[in-house]
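*Asks:* This is the structure, below, for whatever I ask next.
The values are calculated or read from the model by the stated rules, or taken from the named source; none is laboratory data. Computed from a predicted structure; not experimentally measured. Glycine also receives a Cβ, built like all others from the backbone with ideal geometry; neighbour counts cover every protein chain displayed.
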Amino acid sequence: MAVYFYKSDSGDGWRNLAVDRFFFEHLSREDLLFYLYVNDGAVVIGKGQNAWRECRLDAMERDGIQLVRRHTGGGAVFHDRGNLNFSFVAGESGYSLDRQLGVIKRAVSSFGLAAELSGRNDLLVDGKKFSGNAFASSGGRMAHHGTLLIDTDSLKLEKYLRVSAEKMAAKGIRSVVSRVCPLSALCPSLTVSLMAERLLAAFREEYGPFEEYCPDASGREEIERLYKIQSSWEWRFGHTPEFDRKLEHRFSFGEMQLLFRIKHGAVCGVKVYSDALDPALPGLVEKCLLGARFTQEGLSERLLSETAQGRRELSEIAEYLSSEIL
């Protein structure tokens, strides 16, 4: 297994996520790569999220903040120059979440701070979040990426993000600002560049010698193609159809919005948005519900017919729909 490291010198969120997607789609399944980057100013949303609901788009446009959609699931985050982002990409044999999180924890501990995993995808110090993580797998490759809040302007989180009251209530907190804590607030000497150095040292300690990854001509051409996709209106905003009925609920796996178009009592169109970590879940729910009778029984039966695949999320959605007033 070859072990690689790559650090972006760009602050463009669309380009940095295009590079991230390039590694996920094209790195050899026998290899492992660790990637670091910083975005100048961006709100990064999960693949299955509704940009209009998650973001304060007018404020973002006014302040020149990019809207960036990643290829993994999870929720929305704000990036600026005080936020260091990381990504691990590997084949199934080289991927180990414990080892990867160990790299992050070791780097953080070098500043005298103890990090712990909480919930689905958060890293905390002293009960405050400093890192959110997201995951993906496809074609024998697996990806784990996340954020490290070093010196981010926390007030901008509420300026550019719309965080639902249900999500805050589920976590027992009153606002998104009270939930997060930049690491520099706990260790004033900590900077983005210093954290990058400590991460690289921790990566070397965990995985041994590595090479710096250098994309060849065909790789650079593919990155440019992915950049055009990442920066496109279609990828960033997607298609939000006109709808006759909207349902929203917070499940154990995350929040979900279901938008229905209804004709002759049946679902003739459906769009699902979610911050679930599985980016394939919204599409699976759409496939199940399209064409179903728009009744409690009709919708829940469609989802229950798919539970043989072992998807507890579908049975949880079915239980909700069976009791929801339509």
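*Asks:* Determine which member of the set Asp12, Asp63, Asp80, Asp20 is acidic (Asp, Glu), in contact (Cβ under 8 Å) with a residue 12 or more places away in the chain and in contact with a Gly (Cβ under 7 Å, 6 or more places away or on another chain).
*Replies:* Asp80
*Asks:* Out of Val103, Val89, report the one residue that is of a type in the set (A, V, I, L, M, F, W, C) and either at pLDDT below 90 or assigned to a helix (DSSP H, G or I) (or both).
*Replies:* Val103
*Asks:* Kindly indicate whether Gly75 is in a strand (DSSP E or B), closer than 21 Å to Asp275 by Cα and touching a residue at least 24 places away in the same chain (Cβ under 8 Å).
*Replies:* So Gly75 fails the test.
*Asks:* Determine if the stretch 90-104 includes at least one residue that is of a type in the set (A, V, I, L, M), touching an Asp or Glu at 6+ places or on another chain (Cβ under 8 Å), within 25 Å of Asp216 (Cβ to Cβ) and surrounded by 22 or more Cβ atoms within 10 Å (Cβ to Cβ).
*Replies:* yes
*Asks:* Restricted to the stretch 22-50, and to residues that are touching an Asp or Glu at 6+ places or on another chain (Cβ under 8 Å) and among the aromatic types (Phe, Trp, Tyr), which residue is surrounded by the fewest Cβ atoms within 10 Å (Cβ to Cβ)?
*Replies:* Looking at the filtered set, the residue picked out is Phe22.
Conditions tested, residue by residue: (1) over 21 Å from Leu157 (Cβ atoms); (2) in contact with a strand residue (DSSP E or B) (Cβ under 7 Å, 6 or more places away or on another chain).
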| position | (1), (2) |
| --- | --- |
| Ala51 | no, yes |
| Asp58 | no, no |
| Gly74 | no, yes |
| Arg81 | no, no |
| Val89 | yes, yes |
| Gln100 | yes, yes |
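*Asks:* Further question on the same structure: Can you tell me which residues in the stretch 106-158 are under 28 Å from Ala18 (Cβ atoms) and of a type in the set (Asp, Glu)?
*Replies:* Result: Asp122, Asp151, Asp153.
Let's see how each residue does on (1) surrounded by 17 or more Cβ atoms within 10 Å (Cβ to Cβ); (2) at pLDDT below 95; (3) out of contact with any Lys or Arg (no Cβ under 8 Å at 6 or more places or on another chain):
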| site | (1), (2), (3) |
| --- | --- |
| Glu248 | no, yes, yes |
| Gln257 | yes, yes, no |
| Ala266 | no, yes, no |
| Lys271 | yes, yes, yes |
| Thr295 | no, yes, yes |
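*Asks:* If a residue has to be touching a residue at least 24 places away in the same chain (Cβ under 8 Å) and farther than 21 Å from Phe5 by Cα to count, how many in the stretch 94-118 make the cut?
*Replies:* 3
*Asks:* Restricting to the stretch 118-129, name every residue that is buried (at least 16 other Cβ atoms within 10 Å of the Cβ) and in contact with a strand residue (DSSP E or B) (Cβ under 6 Å, 6 or more places away or on another chain).
*Replies:* Once the filter is applied, which keeps residues that are buried (at least 16 other Cβ atoms within 10 Å of the Cβ) and in contact with a strand residue (DSSP E or B) (Cβ under 6 Å, 6 or more places away or on another chain), the stretch 118-129 yields Asn121, Asp122, Leu123, Leu124, Val125, Lys129.
*Asks:* Return the only residue of Arg302, Arg311 being more than 17 Å from Phe243 (Cβ to Cβ), under 21 Å from the mean Cα position of the chain (by Cα) and without any contact (Cβ under 8 Å) to a residue 40 or more places away in the chain.
*Replies:* When all the criteria are applied, what remains is Arg311.
*Asks:* List the pairs whose first member sits in the stretch 198-218 and is farther than 16 Å from Leu32 by Cα, whose second member is acidic (Asp, Glu) and at pLDDT below 95, and whose Cβ atoms are under 6 Å apart, counting only residues at least 6 apart or on separate chains?
*Replies:* none
*Asks:* So for the stretch 262-284 (the condition being part of a loop (DSSP other than H, G, I, E, B), without any contact (Cβ under 8 Å) to a residue 12 or more places away in the chain, out of contact with any Cys (no Cβ under 7 Å at 6 or more places or on another chain) and assigned by TED's automatic domain parsing to the domain that holds Gln100), does at least one residue qualify?
*Replies:* no
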